[in-house]
Amino acid sequence: MTPRVAGPRRRGRPRATATTSGLEPREEILRHAAALFSSKGVGATRLSDIAASVGVSPPAIYYHFDNVDAIVEQLLTYVVEESAAFATAAARGRGTAADRLRALVEQHVERLTAGPYDVWFVAGMSDVERARFPEVSGQAIRWREAVAGLVQEGGRAGELRPVDPLLAVATLSGLVHGALELRHRGADVDASSVADLAVAALSP
């Protein structure tokens with residue numbers, strides 16, 4: 001069953017005000033959890049690890065999230081929800097398929113590498129781990145389907161190479177994962193350059 005994330009659990013005694021970092025407790029939990037997931041892996045991170053990183057007791061985490069899966073789901077939703085919506089709009093939009101594909105990749109990379117969370121862990125999640133979040137996985141499928149559709153459309157129009165759309169999706173996903181790894185290692189990521197590479201890799 002998909003973990004519930006739509007509202008605080010209200011257990012334990014949380015800090016009543018924003019943290020010393022200036023962030024609200026829920027937001028600070030997400031940022032620390034993302035960093036731990038990306039350094040240790042989702043499966044190796046316990047709720048007590050997240051609490052220690054934030055500097056609170058585990059009950060303070062339970063006030064905001066039911067369990068570790070609920071935190072993972074919230075971060076995965078951040079990763080795919082807006083990008084899936086943008087991808088669907090790009091697939092139905094105007095302009096050349098190549099231009100729409102470039103805009104789609106740039107938006108996705110910009111959101112993930114300039115946002116507040118280190119989401120490198122997404123690239124390393126196992127199939128078993130991903131299967132625990134079917135609703136989020138459905139949104140990720142929408143993104144991949146939109147990319148595949150643009151690749152096919154561009155191939156038919158001669159704007160892009162007529163390649164297997166599944167291969168194209170895997171290639172572009174690899175570029176996105178590479179950008180996430182650079183962000184994880186502290187490097188700056190130019191989303192526009194990644195998008196240029198994506199289109200260049202598929203250009204005829």
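Computed from the coordinates by the stated procedures, all read-outs in this text should not be read as laboratory data. All of these numbers come straight from a predicted model, not from anything done at the bench. Note that each Cβ is placed from the backbone with ideal geometry, even for glycine, and that neighbours are counted across all protein chains shown.
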Inverting the mean 1/r over all pairs of different Cα atoms, compute the Kirkwood radius of the range 153-204 and quote it in Å. 11.8 Å
Computed helical MRE - 222 nm, the chain, DSSP H runs ≥ 4 contributing -39500 (n - 2.57), nearest 500: -21500 deg cm²/dmol
Restricting to Cα pairs below 8 Å that are 6+ residues apart, what does the relative contact order work out to for the range 36-193? Please round to a whole percent. 28 percent
Given a cut-off of 29 Å, what percent of all Cα-Cα pairs of the chain lie beyond it? 30 percent
Gyration tensor (Cα only) of the range 122-161 to equivalent ellipsoid, semi-axes in Å sorted down, yields 29, 10, 5
Counting just the Cα atoms, what span does the range 25-66 cover along each of its three principal axes? Round to the nearest Å and put the largest first. 23, 17, 16
Quote the charge dipole size of the range 25-66 about the Cα centre in Debye, to the nearest 20; the model charges only the Cβ of Lys and Arg (+1) and of Asp and Glu (-1). 100 debye
Tell me the trypsin sites (Lys or Arg not before Pro) within the range 103-200 that lie in a loop according to DSSP and have at most 15 other beta-carbon atoms within 10 Å. ARG185
Could you tell me the distance between the Cα centroids of the range 151-171 and the range 46-94, to the nearest Å? 32 Å
With +1 on the Cβ of every Lys and Arg and -1 on the Cβ of every Asp and Glu, the dipole magnitude of the chain about its Cα centre, in debye rounded to the nearest 20, is 580 debye
How long is the gain from ARG92 to ALA201 if the chain were fully straight, where each residue apart is worth 0.36 nm and the alpha carbon distance is subtracted? 37.0 nm
